[in-house]
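In what follows, a structure is listed as structure tokens, so that the remarks can point back to it.
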Amino acid sequence: MAKPKEQRVEVLIDASNLYHSAKNLYHARINFKEVLKEAVAGRKFIRAFAYVVRTKTGVEEPFFEALTKLGIETRIKDLQEFYGGQKKADWDVGVVIDAIRTAPALDVIILASGDGDFVPLVEYLKNQGKRVEVLAFGKTTSSHLKEIADEFIDIDKDPQKFLLITNNTGLRPK
């Protein structure tokens, strides 16, 4: 189905959510260029944010640079490490704040995440008259998030399009 070219769109990418789903389901990495292309779908691209985490080693810096080259703005948070080895870097509040802050200038918000914690955000944005599309892995996406989105784009339906193979096993799910 063709999407109206005049729609102003923003893409909010929960990089950790997509990364872990791709790794766990397919032993692969996400092709963010294809994710962005599919999300925008020929409409007016306003901006994209990727919510990412920086570790102490900094090994992810080339990844951040690659996102920037694609026209994706990175929101970077340092990984917190707690006594006992527990680690945390939750971006949910940051995603919500950006979505609410930028929504007045948009027609469509694409949430690239399967995290059910975003259900209240999707409900809020829809109540503000915004179209909300979710792009994520169907196998790991909250069923409620799929239901309330105006459209759910399932990466699992065409993994070869959205994934970069990182091993010799191909793109067969576990």
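Quick notes on this one:
- Candidates ILE97, ILE109, ILE30, ranked by Gaussian network fluctuation over the chain, Cα under 10 Å, top entry: ILE97
- Total charge dipole magnitude, the chain, about the Cα centre, Cβ charges on Lys, Arg, Asp, Glu only, Debye to nearest 20: 400
- Average projection area in nm² (convex hull over Cα atoms of the range 6-93, one quarter of hull surface): 6.8
- Candidates GLU73, GLU60, GLU133: whichever shows maximal mean-square fluctuation once the chain is modelled as a Gaussian network with Cα springs under 10 Å: GLU60
- Choice from VAL134, VAL11, VAL119 with maximal GNM fluctuation in the chain (Cα, 10 Å cutoff): VAL119
- DSSP-defined antiparallel bridges as percent of all bridges, the chain, nearest 5: 15
- The range 61-156, Rg to Rh (Cα coordinates; Rh as Kirkwood inverse mean 1/r): 1.01
- Helix content alone sets the calculated 222 nm mean residue ellipticity of the chain: runs of n ≥ 4 DSSP H residues at -39500 (n - 2.57) each, divided across all residues, give -9500 deg cm²/dmol.
- Expected-Rg normalisation [2.2 N^0.38 Å, Cα atoms] applied to the chain: 1.01
Each value in this text was obtained by applying a stated rule to the coordinates, not by laboratory testing. Remember, predicted model here, so these are calculated numbers, not experimental data. We place every Cβ from the backbone using ideal geometry, glycine too, and count neighbours over all the protein chains shown.
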